[in-house]
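Bear in mind these aren't lab numbers, they're just calculated from the coordinates by the rules spelled out. Just so we're clear, the structure is a prediction, and the values are computed from it rather than from any experiment. Here the Cβ positions follow ideal geometry from the backbone for every residue, glycine too, while neighbour counts run over all protein chains shown.
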Amino acid sequence: MARDEIAHSMGDALREAAEPERPVTRSTTGQARKPWAIALSALVPGLGSMAIGRRAVGGWILGIWAIAFTTLAISTEDVSRTLSAGGVGDWLALITLAITLIGVWVWGILDVAVVATKPIKRVGVSQWRIAGRRFRKNRLAMAGLAIMVLLYWVTLLAPFLAPYDPNFQGNIVLNRYQPPSMQHFLGTDKFGRDIFTRILYGARISLTIGFIAIVISVTLGTLVGAMAGYFRGWVDTAIARFIDMLLSIPRLILLLVIIAMFEPNIFLLVAALGLTGWEGSARIVRGQFLSLREQEFVQASRALGYSDWRIILRHILPNTLAPIIVIATLGIGNVILLEAGLSFLGLGVQPPTASWGSMVNDGRDAMITAWWISTYPGLAIVLTVVAFNLLGDGLRDALDPRLRT
Amino acid sequence: MTGYILKRTLQSIPILLGASTLIFFLMHAAPGDPTSIYLRPDIDPAVIEQMRKNLGLDQPVHVQYVKWLSSFARGDFGYSFSQKRPIIDIIKDTLPNTILLSGIALVIIFSLGVLIGTIQAVRQYSWIDNLATVLAFFFYSMPSFWFGLMLILLLSYKFQWLPASQMTSVNFEFISVGKQWVDRLMHLIMPAAALGIGSAASVARYMRSGMLEQIRQDYVRTARAKGLSERVVIFKHAMRNALIPVITLLGLSLPFLVGGAVLIETIFAWPGMGRLIIQAIFQRDYPVVLASAFVLSITVIIGNLLADILYSVVDPRVRVEESET
């Protein structure tokens, strides 16, 4: 029994050691250019690639094209409305749709005509390309990426995809608390508003806030961490003490105090989320800087008389990009959860703007009779955060396998 | 040992001071002051001025800060506008409830996380490992407030197994002592589970990888080779070492736990600090908001201190390294 276990664990260790360096099995010479495949791809993007054996890429192209084309097909009315009298949101949606369709078409043709004919380079690939290859092999991470791209796409196309206006109430007496049906995929809330529509528009709020807040907080954290790690001495000590202090106040409590002091609104929310929670990235960037600043290339640039900030920004910072990207991706999920929590408490995005957190809160009064009001927005949050976490884990494994837990 | 504890305790004093300073200056950065709620056309500006003088708001910021700090140090948090009683009394009522909730959540996080992580590591790549990995990922990404609502929906409304809100039933005072305990426990299960499940998932993840690392070590092989039973090898030898990083994780998860308590207490109508702070925000009762934020920060700092001390008990290497540097 025990020996079996040992054999197993050794086998696992060996397998894990062998796995990362699996050889590339595809041909390295590239294929001949096939005009019929190009024609096929011009007709239906992706089919050509699939016909010449590039199934995975072809499948992706075909899938994206199918989604975009279906969207166009079901939103012909919206398109004509946009052309006659469309707002900014409508035009944004139309442009996104057009770019997607044309882009997929071009990609489909180029994949057959150019990419497939080129030999695969094996030597002299950059670190980023190796990471990209490792990332593409990770199916879960690719699924996360796909969901994330789809979510951002949906937020842009919300005016076309949503069957109603997010604040449209209709006949409120007849229309409220409708269970999921063909007219209302996910039911209606207490004001008769369509839940599915509001989830689509809520995605805008969550993803925009998540993205902007994480950009602010990671930039801040990187700068602070870079200063601490580069200058060391009293700067480092002061920053470390300040971070210890911030970490002792729970982030949600700090956010609550900030928001309570002012009137809750979306700009305050973004600012507060962006200005808190940068401690993690500061710590990691500091650690990177501490080791990188002793390297020869930094000593060389110092010897050349470059200024401190030039060394920090141009020479050391690019080398810390990988962990920063990972932290930002994993942080977005966290920020989305915090935003949802604050909106749930009524201290984030204010009604009537649709936001997932406040939609969950709306359903609390009628949990027994109308379970769908709270349930679906919550599922949307779970799906989004799962996607970002999958993506973040995949990026971490691809960019820096040492960080794996 | 005592030297280490003393040193760590002293180290947390400046942190505490800093946190209180931050909270104080946040309050001062906000527009208006406590008298602004009385600003109405029918009130004489001279009265407002007198009020400011009485409250000490006309003094320079640093004087106000020192006064504020010294009264906080004495446990005098001021007076609640909305509840019309000293804040210290309100906190005495609510803090134990939050600590009870977080404590039980911590127990759930630790026991569930360690158990699942260990099972996963021992049965690596089995269906149970894969299932637990997927579930852990979902629970980790789930908003706790939504999970709490779903628990209420299923366990309280649909199956009627557990009570949906409050700490005790309506007839709590009229039932026997034994039943009172059961009643309290029934009210605790759902909020504690909703609060702890996300952190439990991340503990399980760390435990799995830590355990996998330990199982491959030479000392585990030695233990097996000398004929110890598998249970002793896993639970006595490997687990002890795998637990060390988990203790750090517990200390780090405290701020999330306290923050999460705000949401969970609101959903389950749990009379704790979290609900207090939310109610105070909506009633614009700023002294209560600030005092609660301060007290919760102290709770986190003390919790971290305890985690560090526990860490040094489990892993004596920490103490040695600390004293050498």
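Quick one: helix B:45-55 against the long Cα principal axis of chain B, what's the angle to the nearest 10°, folded into 0 to 90?
50
Can you work out the FRET efficiency for the pair A:I172 and B:I302, with r the C-beta to C-beta distance and R0 = 41 Å, to the nearest 0.05? Intermediate results must be reported in sequence, preceding the final value.
On the way: r = 51 Å, r/R0 = 1.26.
According to the calculation, E is roughly 0.20.
Which trypsin sites (Lys or Arg not before Pro) in region B:210-241 sit in a loop by DSSP (not H, G, I, E or B) and have at most 12 other Cβ atoms within 10 Å of their own Cβ?
Values: sites: B:R216, B:R221, B:R224, B:K226, B:R231, B:K236, B:R240; in loops: B:R216, B:K226.
Passing both the DSSP loop test and the Cβ count: B:K226.
Can you give the local net charge around A:I212? Use residues other than it whose beta-carbon is closer than 13 angstrom to its beta-carbon, Lys and Arg +1, Asp and Glu -1. Intermediate values should be presented prior to the final figure.
Working: positive: A:R204; negative: A:E339.
The answer is 0.
With chain A treated as a Gaussian network of Cα nodes joined by springs under 10 Å, which of A:S49, A:S217, A:S307 yields the largest mean-square fluctuation?
The residue that fluctuates most here is A:S307.
Provide the convex hull volume over Cα atoms per residue for region A:188-272, in Å³.
Values: hull volume 9.9 nm³, N = 85.
Taking only Cα atoms, region A:188-272 has a hull volume of 117 Å³ per residue.
So what's the projected area for the protein assembly as shown, the Cα convex hull averaged over all directions, in nm²?
Quarter of the Cα hull surface area: 42.7 nm².
Helix hunt in chain A: which complete DSSP H runs extend at least 20 Å axially by C-alpha with mean Kyte-Doolittle at least 0.5?
Working: long enough: A:2-18 (24 Å, -0.48); A:55-74 (28 Å, 1.55); A:88-113 (37 Å, 1.80); A:139-161 (31 Å, 1.91); A:195-231 (52 Å, 1.59); A:233-248 (23 Å, 0.93); A:321-344 (34 Å, 1.95); A:372-399 (40 Å, 1.09).
Once both thresholds are applied, what remains is A:55-74, A:88-113, A:139-161, A:195-231, A:233-248, A:321-344, A:372-399.
State to the nearest 20 debye the size of the charge dipole of region B:128-265 about its Cα centre, where the only charges are +1 on K and R beta carbons and -1 on D and E beta carbons.
Numbers: 12 positive and 7 negative charges, 122 e Å.
Dipole about the Cα centre, nearest 20: 580 debye.
Put +1 on the Cβ of each Lys and Arg and -1 on the Cβ of each Asp and Glu in region B:173-275; which of B:L212, B:F268, B:V182 then has its Cα farthest toward the positive end of the dipole?
Positive-most Cα among the choices belongs to B:L212.
State the Cα centre-to-centre distance between region A:158-216 and region B:88-163 in whole Å.
Each part's Cα centre sits 30 Å from the other's.
Only four residue types carry charge here, +1 at the Cβ of Lys and Arg and -1 at the Cβ of Asp and Glu. Report the dipole size of the protein assembly as shown about the Cα centre in Debye, rounded to the nearest 20. The partial results should precede the final answer.
Numbers: 63 positive and 47 negative charges, 457 e Å.
With only Lys, Arg, Asp and Glu charged at Cβ, the dipole is about 2200 debye.
Return the Rg/Rh value of region B:229-282, two decimal places, where both radii are evaluated on C-alpha atoms and Rh is the Kirkwood radius.
Numbers: Rg = 18.3 Å, Rh = 13.7 Å.
In region B:229-282, Rg relative to Rh is 1.34.
Viscosity 1.002 mPa s, temperature 20 °C: give me the Stokes-Einstein translational D for chain B in µm²/s, with Rh taken as the Kirkwood radius over C-alpha pairs.
Using the Kirkwood radius from Cα pairs, D works out to 93 µm²/s.
How far is helix B:286-314 tilted, in degrees, relative to the longest principal axis of the Cα atoms in chain B, given as a value from 0 to 90 rounded to the nearest 10?
30
Can you compute log10 of I(q)/I(0) for region B:67-187 with the Debye formula, treating each Cα as one identical point scatterer, at q = 0.11, 0.20 Å⁻¹?
Results for region B:67-187 at q = 0.11, 0.20 Å⁻¹ read -0.67, -1.20.
List the residues whose amide H sits under 5 Å from the amide H of B:Y79, counting only those 5 or more places along or on another chain, with H placed 1.01 Å from N in the peptide plane.
Under 5 Å from the amide H of B:Y79: B:I87.
Rounded to the nearest 20 Debye, what is the dipole magnitude of region A:102-187 about its Cα centre when Lys and Arg each give +1 and Asp and Glu each give -1 at the C-beta?
Dipole size: approximately 840 debye.
Positive end of the charge dipole of chain B (Lys, Arg +1 and Asp, Glu -1 on Cβ, about the Cα centre): tell me which of B:L310, B:I13, B:I128 has its Cα farthest that way.
B:I128
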